[in-house]
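First comes the structure, then the notes that go with it.
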Amino acid sequence: MGYKNKYVIILIILIIISGCNKNSSETNVSFSEGGGLTDIEGNTYPSVIIENDNGWSQEWMKVNLKTSTYNDGSPIAQAMSDVTWTNNEDGAWCYYNNDPQFEENYGKLYNWHALTGDTIVTMTFNTKNGDENFYNISVDDYNQSVHGAIKDTIYTDSISCKICPDGWRVPYEEDWIDLIMVLGYANVAGGKMKDTSSLWESPNFGATNESGFSGLPGGIRNGDGSFLYLGQMGRWWCFEEVYEDFVHTRPLMYDAETTLNHYVIEKEGGLSVRLIKIK
């Protein structure tokens with residue numbers, strides 16, 4: 001066999017290997033309608049299935065939770081005044097600005113106590129200099145404990161919560177991170193998760209809703225009872241405590257296509273709830 005033929009064969013082999021490596025490192029992501037869910041009050045919620053060709057998948061609610069009843073049939077208290085909201089150490093809900101007109105688009109806002117059942121994930125953080133501070137944690141620090149960001153993580157074994165219909169749960173921080181990574185990482189995932197409607201204030205950077213997540217800016221209620229960010233921010237609970245008084249959350253913003261990492265809020269805060277299907 002001549003040198004030219006050998007080189008041609010070697011070149012073909014290299015092209016084949018390169019093609020195989022490329023295909024193995026790239027995954028296609030698809031989005032389809034899920035089976036949805038119904039809460040104990042009969043409210044129905046559409047869902048979206050997000051999956052890739054590596055076998056990973058999640059099914060998320062496409063709208064925010066609206067129920068005012070726990071899954072066992074007992075009522076969740078409505079807390080309207082600032083004093084009632086601030087001093088409530090039990091489960092509570094409210095409309096944004098205590099105005100029922102906002103429920104149709106944004107659902108209800110719930111404090112942390114309305115969610116907690118038998119399952120929590122407790123995460124204790126410290127910074128590289130040894131000072132405990134959960135505000136300075138990046139995604140890289142979260143995923144790479146060698147950076148010294150995660151001091152201790154305790155996972156309990158149950159998957160139930162007080163507010164969740166059977167077969168669904170409040171997402172963990174890990175669920176959000178998986179979704180963000182599949183959508184192309186934090187710098188673009190937010191745009192793919194935001195609804196494109198006029199409910200978001202301009203400029204609503206990067207919004208395509210490619211994922212079908214349909215995130216809407218329902219605002220928040222602070223622990224002191226004040227309401228903020230309607231039209232500018234959607235913010236959802238994670239089922240993970242940080243120390244004793246704070247909990248992980250995940251926000252989307254009108255002025256960014258990124259997703260913000262490790263936002264925490266006091267347990268008395270009021271946020272929207274999106275559930276994820278239990279596999």
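Taken together, the values in this text are just the output of simple stated rules run on the coordinates, not laboratory data. As the structure is a prediction and not an experimental result, all values here were calculated from the model. Cβ atoms come from the backbone with ideal geometry, glycine included; neighbour counts cover every protein chain shown.
Of MET193, MET61, how do they rank once you tally other Cβ atoms within 10 Å and put the fewest first? Write down the numbers at each step before the final one.
Working: MET193 28, MET61 24.
Ordered by Cβ neighbours within 10 Å, fewest first: MET61, MET193.
Taking amide H atoms as placed 1.01 Å from N in the peptide plane, the amide H of TRP168 lies under 5 Å from those of ILE278, each 5 or more residues away in sequence or on another chain. What is the order of TYR45, TYR70, fewest Cβ neighbours within 10 Å to most? Ascending Cβ contact count within 10 Å gives the list TYR70, TYR45.
Sorting 198-204, 109-115, 227-233 by average packing, meaning the other beta carbons within 10 Å per residue, from highest down gives 109-115, 227-233, 198-204. Could you grab the relative contact order for segment 174-279? Cα pairs under 8 Å, six or more apart, rounded to a whole percent. Reported relative contact order: 26 percent.
Each residue of segment 96-101 was assigned a 3J(HN,Hα) from its phi angle through the Karplus expression (A = 6.51, B = -1.76, C = 1.60, θ = phi - 60°), giving 4, 6, 6, 10, x, 4 Hz with x at Gly and Pro. Take each peptide in 98-105, 86-93, count the other Cβ atoms within 10 Å of every residue, and average; sorted highest first, the result is 86-93, 98-105.
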